[in-house]
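Asks: One structure follows; several queries about it will come next.
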Amino acid sequence: MLETIEAGGWVMLPIIACSIVATAIVLERFWALRRRRIMPDNLVHNIWQLHRTGKLTEQRIQEIRDASPLGRMLTAGIINRYHSREVMKEAINDTGRQVVSGLERYLNSLGTIASVTPLLGLLGTVLGMIDIFAVINEAGVGHAGLLAGGIAKALITTAAGLMVAIPTLLFHRFFNSKVNKLAIGMEEQALRLVEVMKGEREDGVDDAS
């Protein structure tokens, strides 16, 4: 493995660095975007029970806000529960945009890595071809051993760049899709809260999980 990296030349260093960063982001996003962490079960129902029993205190609201991204969105509506439905929705939407932005954390970096690593591989290919033509210019085409170094650099860096870029791109698409689904789910929960607080779905709050 070390010999392969050395054969690829210095371009292998940024490609390896990109692979390490991409792996760290993927692992962190898998942990951070767990559905149970983002959208705890029965949160709207629990909030309604607290509200109905007069236990929705400032301390409780702060606890709900700090517990999850969905809780942060819902508390924006809770704070404005005595205002109109439109005010509640607007407050939830404003906070929701901030929450979704937080869920998308590092995804731009992941997309950048997916775009840059093939270019680094292509750079290695170009440098390898330059080495090949330099050898041909000095020693001719009859020295396969001298040409091998440039050929190896060209092929290894291209392969390494693609090996990093392909899974990184797949994970980038996967996490973007996951964030979109979570955003839709949180929006649905927020609308349920507004309906419940405004007395439209008191009989259906139990399904607001």
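Per-residue answers, yes or no, for (1) more than 19 Å from E195 (Cα to Cα); (2) crowded, with 17+ Cβ neighbours inside 10 Å; (3) of a type in the set (F, W, Y); (4) in contact with a Cys (Cβ under 7 Å, 6 or more places away or on another chain):
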| position | (1), (2), (3), (4) |
| --- | --- |
| I47 | no, yes, no, no |
| A67 | yes, no, no, no |
| L74 | no, yes, no, no |
| H83 | no, no, no, no |
| M88 | no, yes, no, no |
| R97 | yes, no, no, no |
| N108 | yes, no, no, no |
| A114 | yes, yes, no, no |
| P118 | yes, yes, no, no |
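Asks: Looking only at region 32-42, count how many residues are in a helix (DSSP H, G or I), out of contact with any Leu (no Cβ under 6 Å at 6 or more places or on another chain) and touching a residue at least 24 places away in the same chain (Cβ under 8 Å). Steps first, please.
Replies: The first filter runs over region 32-42 and keeps only residues in a helix (DSSP H, G or I), leaving 32, 35-38.
From what is left, the residues that are out of contact with any Leu (no Cβ under 6 Å at 6 or more places or on another chain) are 32, 35-37.
Those still in the list that are touching a residue at least 24 places away in the same chain (Cβ under 8 Å) too: 32, 35, 37.
Adding up the residues that qualify gives 3.
Asks: If I go through region 5-63 residue by residue, how many of them are within 30 Å of the chain's Cα centre (by Cα) and of a type in the set (D, E)?
Replies: Matching residues across region 5-63 total 3.
Asks: While we're looking at this one, here's another question. Determine which single condition T125 fails, assuming it passes every other condition in (1) modelled with pLDDT of 90 or more; (2) in a helix (DSSP H, G or I).
Replies: (1)
Asks: A further question follows. Inspect all residues belonging to region 54-71 and state whether any of them is modelled with pLDDT of 90 or more, in a helix (DSSP H, G or I), closer than 14 Å to G185 by Cα and charged (D, E, K, R).
Replies: No; the residues of region 54-71 include none that is modelled with pLDDT of 90 or more, in a helix (DSSP H, G or I), closer than 14 Å to G185 by Cα and charged (D, E, K, R).
Asks: While we're on this one: If L103 meets every condition in (1) in contact with a Leu (Cβ under 9 Å, 6 or more places away or on another chain); (2) modelled with pLDDT under 90; (3) surrounded by 14 or more Cβ atoms within 10 Å (Cβ to Cβ) apart from one, which number is that one?
Replies: (2)
Asks: If you don't mind, another one. Among what's in region 82-112 and is among the hydrophobic types (A, V, I, L, M, F, W, C) and under 9 Å from the mean Cα position of the chain (by Cα), pick the residue that is farthest from V26 (Cα to Cα).
Replies: L103
The values are calculated or read from the model by the stated rules, or taken from the named source; none is laboratory data. Only a predicted model underlies this, so the values are computations on that prediction, with no experimental measurement involved. Reconstructed Cβ throughout: ideal geometry from the backbone, glycine too, with neighbour counts over all protein chains shown.
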